[in-house]
1. Between P117, S77, V93, whose Cα lies farthest towards the positive end of the dipole of the range 69-122 when Lys and Arg beta carbons carry +1 and Asp and Glu beta carbons carry -1, centred on the Cα centre?
2. Using the Cα centre of the chain as the reference point, and only Cβ charges (+1 on K/R, -1 on D/E), how large is the resulting charge dipole? Debye, rounded to the nearest 20.
3. How do the peptides 65-72, 48-55 rank, highest first, by the average count of neighbouring beta carbon atoms within 10 Å per residue?
4. Under a Cβ-Cβ cut-off of 11 Å, what is the net charge of the residues other than I40 that fall near it, where Lys and Arg count +1 and Asp and Glu count -1?
5. Limiting things to C-alpha atoms, what are the Rg and the maximum Cα-Cα separation (Dmax) for the range 80-123, in angstroms?
6. Rounded to the nearest 0.05, what FRET efficiency do I111 and R131 give with R0 = 35 Å and r taken as the Cβ-Cβ distance? Could you check?
Amino acid sequence: MPKYTDLIGVPFTDGGRSLKTGFDCYGLVAEVFKRYEKEIPEYFAPAFDDELVNTQVKAALCSGWREIERASLTIPSVVLFRFNSPLPNHVGVYIGNGCFIHCRNPIGVNIDRIDSPAWRHRVEAFYIYERGE
């Protein structure tokens with residue numbers, strides 16, 4: 001996983017889009033996609049405003065994203081989660097071998113397994129970005 005080693009431990013920063021100052025979960029997704037030479041649409045929402053995050057996620061998904069089955073996961077694919085909310089409110093990137101990279105408060109950027117007890121019941125959907133390909 002050499003594309004990600006410099007990201008591990010970068011702090012969570014609400015609205016963050018920088019390796020130097022930190023990422024929020026979508027800022028990290030954008031950074032990982034850039035490393036695969038894929039530009040994705042931008043959006044900002046305060047990390048702890050679940051309703052606005054859900055609205056922004058739905059808007060973003062209408063702009064070039066396509067839902068896929070778990071069996072069709074490619075690198076990079078977006079993993080959408082429900083994290084302590086009835087609405088999808090967290091996002092990470094599938095990076096292979098059953099793992100995803102994500103950023104959350106207070107841990108910062110880390111890698112977890114999709115099928116771990118902590119995450120497997122939180123997965124809402126998987127997406128790939130097709131706009132401009």
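1. Result: P117.
2. Working: 15 positive and 17 negative charges, 55 e Å.
Computed charge dipole of the chain: roughly 260 debye.
3. Values: 65-72: 12.2, 48-55: 15.2.
The peptides rank, most packed first, as 48-55, 65-72.
4. On the way: positive: K34, K38, R131; negative: E31, E39, E42, E130.
After counting each charged neighbour, the total is -1.
5. Final numbers for Rg and Dmax: 9.9, 28 Å.
6. Details: r = 27 Å, r/R0 = 0.76.
Rounded to the nearest 0.05, the efficiency is 0.85.
The numbers here are math on the coordinates, done by the rules we state, and not lab data. Here the structure is a predicted model, which means the values were calculated and not measured. Because the Cβ atoms are built from the backbone with ideal geometry, glycine has one as well, and the counts that use them run over all protein chains shown.
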